[in-house]
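Visitor: Here it is, the structure in full.
Each value in this text was obtained by applying a stated rule to the coordinates, not by laboratory testing. Worth saying up front: this structure is predicted, and the values here are computed from it rather than measured. Heads up, the Cβs are rebuilt from the backbone with ideal geometry, glycines too, and the neighbour counts pull from every protein chain shown.
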Amino acid sequence: MELKKIARDVWAELEEIGDLAALEKFRVKYLGKKGAITSLLRSMGNMAKEERPIFGKAVNDLSKQVEERILLREAELKEKARLFQLKKETLDVTLPGRKAILGHRHPIKQVMEEIETIFLNMGYTIAEGFEVEDDYHNFEALNIPKDHPSRDMQDTFWIDTDVLIRTHTSSVQSRVMEKQNPPVRIIAPGRVYRCDDDVTHSPMFHQVEGLVIDQGITFGDLKWTLTIFLKTLFGEEREVRFRPSYFPFTEPSCEVDVSCFACGGVGCRLCKHTGWIEILGSGLVHPNVLRNVGYNPMEVSGFAFGLGIERIAMLRYGIDDIRLFFESDMRFLRQF
Ligand code: FA5
């Protein structure tokens, strides 16, 4: 009787079960050590001998069926729980994402890379020197002897009587020529230092030096190279002008101007009403500089030039205070 009742109840009860915890309770209730079905087996001791096998088989069959149905129900409930969880975690892929703030290179670096690319395309290679330099390579090798008045052109940070932080990238010239025989065709970008500080002068700034040495290099090569360079950098429509000047390490020397970006050469505040803006210093390498590195000025000649990157960036972006480049103010830097 009891077996029949259990067999009737068990399926109805199983259908009602809604979660895994209740299913486990159900399993213990019927199939646990003291469970209803297990207890039926134990009660067989009181039965007549001939009834036992039939009853035993019936109980075992029921136990097996219940066990199988529990496994099935378990799989169903697990799947139900999984689907519920998935639904809860649904992502709305149409929502806009969070915008990442992209960084970029500093404007000085951008101008520097632009200049490097122009010269690399012309077949130049990039040379490096030292920021901490000796008197010889910064001055003497470049035809600037001790106590020569031209040292005053660059106000120097001295570390001791013979060591300084370089005042210009021209110091790389002799370092390259000492190691390499002509032909030489290099640019040397880098930081330089001078005891200067106002809206157009910074104690640390960047220069790019250029040096070409070979047989038969003339002033025509210098003019051609720098004209191509400046028109590539500033635009084909810019006029380029070569103006005599003086540097101890070049002879003849010249400064190179381009027609004003703001007024196109008519004259304005930016160009101080001259129509021209000075961009770089240059000249044919002085024979003394060639001799100092063991080159024979009767056999080889060359030209050199040097320009300030900050000045070019200021002109290009219309910036009137050089210190803005070095203050790490994101409101300024984000504009580039
Ligand atoms: C020189 O430094 C030479 N070595 C350039 C040169 C190389 C001439 C090879 C001939 C042959 P100068 O002192 O004029 O030249 O400096 C070159 C440029 O550096 C200037 O035109 C200017 O743009 C920049 N400059 C000079 N001082 C500062 C400073 N304190 N802050 C920012 N830029 C500066």
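Visitor: Which ³J(HN,Hα) values, rounded to whole Hz and listed in residue order, are derived for region 136-148 from phi using the Karplus coefficients 6.51, -1.76 and 1.60 in 6.51 cos²θ - 1.76 cosθ + 1.60 with θ = phi - 60°, glycine and proline given as x?
Guide: With the stated coefficients, region 136-148 comes to 4, 6, 7, 10, 4, 4, 9, 6, 10, x, 4, 6, 6 Hz.
Visitor: Would you be so kind as to identify all helices of the chain, as entire DSSP H runs, whose Cα atoms reach 15 Å or more along the helix's own axis and whose mean Kyte-Doolittle hydropathy is at least -1.0? Numbers along the way, then the final one.
Guide: Details: long enough: 2-16 (21 Å, -0.72); 20-31 (16 Å, 0.41); 52-88 (53 Å, -0.66); 107-121 (21 Å, 0.17); 219-234 (22 Å, 0.84).
Span-like helices in the chain: 2-16, 20-31, 52-88, 107-121, 219-234.
Visitor: Which of 63, 301, 259 moves the most in a Gaussian network model of the chain with Cα springs under 10 Å?
Guide: 63
Visitor: Going by average Cβ neighbours within 10 Å, how do the peptides 80-91, 154-165 rank, with the highest at the top?
Guide: 154-165, 80-91
Visitor: Continuing with this model, one more query. Rounded to two decimal places and with Rh computed the Kirkwood way over Cα pairs, what is Rg over Rh for the chain? All intermediate terms of the calculation are to be shown ahead of the outcome.
Guide: Details: Rg = 43.9 Å, Rh = 26.9 Å.
Radius of gyration over Kirkwood radius for the chain works out to 1.63.
Visitor: Going by average Cβ density within 10 Å per residue, which order do the peptides 308-318, 286-296 take, highest to lowest?
Guide: 308-318, 286-296
Visitor: Would you compute, from DSSP H runs of 4+ residues alone, the mean residue ellipticity of the chain at 222 nm, taking -39500 (n - 2.57) per run and dividing by the full residue count, rounded to the nearest 500? Don't jump to the answer; show the numbers that get you there.
Guide: Numbers: 11 runs with 134 residues, N = 336.
Computed ellipticity for the chain at 222 nm equals -12500 deg cm²/dmol.
Visitor: Using a/c under 1.5 as the rounded threshold, could you call region 96-216 rounded, prolate or oblate? The axes a ≥ b ≥ c are square roots of the C-alpha gyration tensor eigenvalues, and prolate needs a/b larger than b/c, oblate otherwise.
Guide: Working: a/c = 2.71, a/b = 1.36, b/c = 1.99.
Verdict is oblate for region 96-216.
Visitor: Let me ask something else. Would you mind pulling out the separation of the Cα centroids of region 273-336 and region 121-162, in Å?
Guide: Using only Cα atoms, the two centres lie 15 Å from each other.
Visitor: What residues have an amide H closer than 5 Å to that of residue 239, excluding those fewer than 5 places away on the same chain, when H is modeled at 1.01 Å from N in the peptide plane?
Guide: Those lying under 5 Å, H to H, from residue 239 are 259.
Visitor: Hey, another quick one. Among the DSSP beta bridges whose two residues both lie in the chain, what percent are antiparallel, rounded to the nearest 5?
Guide: Working: 43 of 45 bridges.
The answer is about 95 percent antiparallel.
Visitor: Go through the chain and flag any cysteine with no other cysteine's C-beta closer than 4.7 Å, please.
Guide: Lone cysteines by the Cβ rule: 195, 254.
Visitor: If amide hydrogens are placed 1.01 Å from N in the peptide plane, which non-local residues have theirs closer than 5 Å to the one on residue 276?
Guide: It is 260, by chain and number.
Visitor: Summing Lys, Arg as +1 and Asp, Glu as -1, what charge do residues with Cβ under 12 Å from the Cβ of residue 146 carry, residue 146 excluded? Can you show the working numbers first?
Guide: Numbers: positive: 151; negative: 135, 140, 147, 162.
Surrounding charge for residue 146 is -3.
Visitor: Continuing with the same structure: Let me know the shape class of region 150-291, please: from the alpha-carbon gyration tensor, a ≥ b ≥ c as square roots of the eigenvalues, rounded when a/c is under 1.5, otherwise prolate if a/b is greater than b/c, or oblate.
Guide: On the way: a/c = 2.11, a/b = 1.21, b/c = 1.74.
Oblate, since a/c reaches 1.5 and b/c is not below a/b.
Visitor: Please tell me which of these pairs span more than 24 angstrom C-alpha to C-alpha: 25/49; 4/78; 29/57; 57/80?
Guide: Details: 25/49 34 Å; 4/78 30 Å; 29/57 20 Å; 57/80 34 Å.
Where the Cα-Cα span goes over 24 Å, the pairs concerned are 25/49; 4/78; 57/80.
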